[in-house]
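First up is the structure itself, then whatever we jot down about it.
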């Protein structure tokens, strides 16, 4: 892991990051690193708790969204499992779509992701429309 990502992850887990300087790309890099260190459930638990604490520290507790957090971690973990990545740079080169928050739009409507329930529990993706008779 590049030193920058390792340092970022240490600061993330220690709760010493400045939330205003923690970009979406940083979120993805730290998630990748944590998924390499911990099994999925432990990485998810640690990552979500720290993201929630960062949102609180920033004075924006409503920014934390359980569904977005778990869905992103799941997508990153699935992509990691499908590839043989030797570095984060290789991983992100093959999965550049993860650098956009919009990647979840393939599975979730904005209404579903933005609802109050999505902030507190993990919601499954939007149901597929029923076929027309």
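Every number here is computed from the coordinates shown, using simple stated rules; none is lab data. Everything numeric in this text was worked out from a predicted model, so none of it was measured. Here the Cβ is made from the backbone with ideal geometry for all residues, glycine too, and neighbour counts use every protein chain on show.
Structure above, values below:
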{"quantity": "Mean residue ellipticity (222 nm) of the chain, computed from DSSP H runs ≥ 4 via -39,500 (n - 2.57), nearest 500", "calculated": "-18000 deg cm²/dmol"}
{"quantity": "Rg over Rh, two decimals, the range 92-131 (C-alpha only, Kirkwood Rh)", "calculated": "1.06"}
{"quantity": "Burial ranking of peptide ranges 29-35, 113-119 (average Cβ count within 10 Å, highest at the top)", "calculated": "29-35, 113-119"}
{"quantity": "The chain: equivalent-ellipsoid semi-axes (sqrt of 5 x gyration tensor eigenvalues, Cα, Å)", "calculated": "25, 20, 12"}
{"quantity": "Helix 40-57 vs. the chain, principal-axis angle (Cα, 0 to 90°, nearest 10)", "calculated": "80 degrees"}
{"quantity": "Calculated FRET efficiency for the pair residue 111/residue 25, C-beta based, R₀ 30 Å, to 0.05", "calculated": "0.70"}
